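Reviewing the structure listed below.
The values are calculated or read from the model by the stated rules, or taken from the named source; none is laboratory data. Remember, predicted model here, so these are calculated numbers, not experimental data. All Cβ positions, glycine included, derive from the backbone under ideal geometry; neighbour counts span all protein chains shown. Each accessible area value is taken on the protein alone, full model and side chains, heavy atoms only, with ligands, DNA and RNA left out. Shrake-Rupley method; radii C 1.70, N 1.55, O 1.52, S 1.80 Å.
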Amino acid sequence: MNAAPEHATAPIHFDEDTIRQSFNQTPFVLEHRLVGHPLFELPRLIELAGTLPEEQVEYNSGDLPVTQDPLKTPRNGLSIRETIQRIEECRSWMVLKNVEADPSYKQLLDLCLDPLIRFCPDMRTREAFVFVSSPDAVTPYHIDHEVNFLLQIVGTKTVRMLPPNDPTVIQEADLERFYAGGYRNLLQLDSQTEAKASSFELTPGLGLHFPVTAPHWVKNGPAVSISFSITFRTNHSDRREILYRINHKLRTLGLHPRPVGRSQSSDNMKYAIFNAARAIVKAVRPNKAPSKQTGSRYSNGT
Ligand SMILES: [Fe+2]
């Protein structure tokens, strides 16, 4: 009997000490075995894009500044198929979202993340994204909702990342706006803040861990880049999101809510009130379908 292909088992090596010390706190580089995997060849990605709903394929010009108003992001004038076919010269950036809708990508996503369950038993809402981008394309400065591992498959990219919980880097109001459904892009990046960023050079076979809402931006190297982003949420990330949404609501009412994480008792009280209100709504409207996790529309711009 032939041995299974190497990429069929354990695609990622998660170092136990690193996970325990740094998971969702600080970025770290890891190794994976997905280089050369057939799911990331361009013809297969064209086929995949053709099966996804239009709103799950986001693409635009890759010639962008680091701080980009999302409402003014230039299109590239091409179709989805043309963009992938001409990715080497069309100076574009593309993400195929929620590719776990395809069973092959779902299987790969699970194969990658299952080994993490023993460190993260409350893992849920697994989602996967494929990024296809032209040489030198820029992903502007932004934040994401999910715990993320970005796996570099083809080409190179430089990721610049800032600490996730530094109030001098990202303001509470920005986090509240984001969690309330706002765009992921951050529009201000001064030189003092930029100097605090760590730089990571990703080459095929390397991956990078992104803590939730760690601000970052990305620039491709001189070749086409293909990356696989595997993400999930946890009890902690969902609770944090709800607390920021509560604070956003309070701020729109003219109040000045205590920042999330500043006071455990304050956070606990807000969360308890939210859960009580949710239980009442559920009792009054028992047949209402649960809403999709917030934020997906603008999620994961890595
Ligand atoms: Fe991102």
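What to note about this one:
- Extending 7 Å from the Cα toward the beta-carbon at both L255 and Y271 defines two label points whose distance is 1.8 nm.
- Candidate cross-link partners of K219 among the aspartates and glutamates, defined by an alpha-carbon separation under 13 Å and a same-chain spacing of 8 or more, comprise D63, D136, E201.
- Distance from the range 117-133 to the range 14-77 (C-alpha centre basis), Å: 12 Å
- What the Cα atoms of the range 84-191 give is an Rg and a Dmax of 16.3, 44 Å.
- Per residue, the convex hull volume that the Cα atoms of the chain enclose (Å³): 161 Å³
- The chain: angle of helix 42-51 to the longest principal axis, Cα-based, in degrees nearest 10: 40 degrees
- On a per residue basis, the chain carries 49 Å² of accessible surface, using protein heavy atoms and a 1.4 Å probe.
- Karplus (6.51, -1.76, 1.60) ³J(HN,Hα), θ = phi - 60°, over the range 134-145, in Hz, Gly and Pro reported as x: 7, x, 6, 4, 10, 9, x, 4, 6, 10, 10, 7
- Among the trypsin sites (Lys or Arg not before Pro) in the range 1-82, those located in a DSSP loop and surrounded by at most 12 other Cβ atoms within 10 Å of their own Cβ are R75.
- Nitroxide proxy distance, nm - points 7 Å out along Cα→Cβ at S199 and R75: 3.6 nm
- Helix-only arithmetic for the chain: the sum of -39500 (n - 2.57) across DSSP H runs with n ≥ 4, divided by the residue total, places the mean residue ellipticity at 222 nm at -8500 deg cm²/dmol.
- Only aspartates and glutamates eight or more places from K97 in sequence, or on another chain, were considered; those with a Cα closer than 12 Å are E54, E55, E58, E127.
- Within the accessible area of the chain (1.4 Å probe), percent carbon and sulfur: 53 percent
- Point-to-point label distance, D110-K282, nm (Cα→Cβ direction, 7 Å offset): 2.6 nm
- Exposure rule at most 12 other beta-carbon atoms within 10 Å, DSSP loop GluC sites (Glu not before Pro): the chain longest free segment: 90-302
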